[in-house]
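Reviewing the structure listed below.
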Amino acid sequence: MSGDWQHGLFGCFDNFGLCIISYFVPCYTFGKNAEAIGENCFTCGLAYIVPLVNIVAAIKVRGKIRETRGIAGSTFNDLLLICCCPPCALVQEAQEVQVPGVQSMARE
């Protein structure tokens, strides 16, 4: 089964509140994304602020989101997206897992 992301990579403003929080406090959003797929929120959020560790953690979380949701892609594509546009990739992942508490800030 090969699906697509619910929101495009540049669909950041589909949820403006999530976009703002992810831009100013990306470690929070990343931790919540990780928590949504069964990882430790605090540990992953902390890992997101450590250079190089953040890339490895982001690849792992994005890959697991893709795997659990049946989304097409590869580790190499994940790496490119994470390195070229980390905020966009982070928001796309958060919209996919619907981070509790942040999604309620979406514009109606």
### Message
Looking at segment 1-30, I want the residues that are more than 17 Å from ARG69 (Cβ to Cβ) and have a partner that is at pLDDT below 85 and crowded, with 18+ Cβ neighbours inside 10 Å with Cβ atoms under 6 Å, at least 6 apart or on another chain. Which pairs are those?
### Response
LEU18/VAL102; CYS19/CYS12; ILE21/VAL102
### Message
Considering only residues that are among the β-branched types (Val, Ile, Thr) and either touching a His at 6+ places or on another chain (Cβ under 8 Å) or open to solvent by 70 Å² or more (accessible area, probe 1.4 Å) (or both), which ones fall in segment 54-67?
### Response
VAL56
### Summary
In segment 1-60, anything part of a helix (DSSP H, G or I) and β-branched (Val, Ile, Thr) is listed as ILE20, ILE21, THR29, THR43, VAL53, ILE55, VAL56, ILE59
### Task
Collect the residues in segment 74-99 that are closer than 16 Å to ASP4 by Cβ, crowded, with 17+ Cβ neighbours inside 10 Å and not β-branched (Val, Ile, Thr), keeping them in residue-number order.
ASP78, LEU81, CYS88, ALA89, GLN92, GLU93, GLN95, GLU96
#### Entry: Close pairs (6 angstrom Cβ cut-off, 6 or more residues apart or separate chains): part of a loop (DSSP other than H, G, I, E, B) in segment 71-88, open to solvent by 50 Å² or more (accessible area, probe 1.4 Å) anywhere
ALA72/SER2
### Message
So if I check each of TYR28, TYR48, which one is open to solvent by 50 Å² or more (accessible area, probe 1.4 Å), out of contact with any strand residue (DSSP E or B) (no Cβ under 8 Å at 6 or more places or on another chain) and more than 12 Å from GLU96 (Cα to Cα)?
### Response
TYR28
### Task
With the condition kept exactly as written, say whether any residue in segment 7-19 is open to solvent by 40 Å² or more (accessible area, probe 1.4 Å) and more than 14 Å from GLN95 (Cβ to Cβ).
no
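The values are calculated or read from the model by the stated rules, or taken from the named source; none is laboratory data. Since the structure is predicted, the reported quantities are computational estimates derived from the model, not experimental observations. Because the Cβ atoms are built from the backbone with ideal geometry, glycine has one as well, and the counts that use them run over all protein chains shown. Surface areas here come from the heavy atoms of the whole protein model, side chains and all, with no ligands, DNA or RNA. Shrake-Rupley method; radii C 1.70, N 1.55, O 1.52, S 1.80 Å.
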